[in-house]
Amino acid sequence: MDRFLRFFIKFHGYCICIVSSVLTPVFTALLSNVSSYSQWDDLIDLRFSGIPVLVLGIAWMIADSFLIIGVTKERKTFLYPFCVMFLLELFMVLMRDMFLLATGDGWYKTAFFNLTLPILMFIVPYVVLSMMALIRLFDVDPIEKTEDNFVRFDRNGPEEVDRVTIGG
């Protein structure tokens, strides 16, 4: 594969690594301070408060570290934890939003059906397609292993030595 195209695909993986590694601790710290278990209505926001935020934040940090290793070492198996966490988080938020819409609590509390929809319409396909491209790149065109360029010379030489005759 062309070196520039390989760098371009890996660059998107590095961008996802950096953004996710920075935003995971920030959102974990911000959301873990909110502990609102007092009312029954707040149970739908269980993922966004208290202990679940810390558990999922730690899981995200572990998945981010695997993603960094996977992109750097070009190993597709290290990309899978991030993909699983991304799809799990997406599924949980989507189920929460469907529940909020079904109960009639209002679309303004949802993540998918309010002003963040244009952002999500860009981020979700970007991450999914970048992960698919990285997995395909590492599967189809693995990095070449560097040889040590060791050359063995025969010290004994051949039995006959070719003689060059000068003149006739």
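A count restricted to region 20-64 and to residues that are at pLDDT below 75 and among the hydrophobic types (A, V, I, L, M, F, W, C) stands at 6.
Table: residues versus (1) modelled with pLDDT under 90; (2) part of a helix (DSSP H, G or I); (3) closer than 19 Å to V124 by Cβ.
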position	(1), (2), (3)
I68	no, yes, no
T77	no, yes, no
P81	no, yes, yes
M85	no, yes, yes
M92	yes, yes, yes
M98	yes, yes, yes
A102	yes, yes, no
Y108	yes, yes, no
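Close contacts from region 2-20, counting a first residue that is among the small types (G, A, S) and a second that is assigned to a helix (DSSP H, G or I), with Cβ to Cβ under 6 Å and a gap of 6+ residues or different chains, come to G13/V71; G13/L134; S20/D64.
The values are calculated or read from the model by the stated rules, or taken from the named source; none is laboratory data. Computed from a prediction, not measured in an experiment: that's the story for all the values here. Every residue, glycine among them, receives a Cβ derived from its backbone with ideal geometry; neighbour counts consider all protein chains shown.
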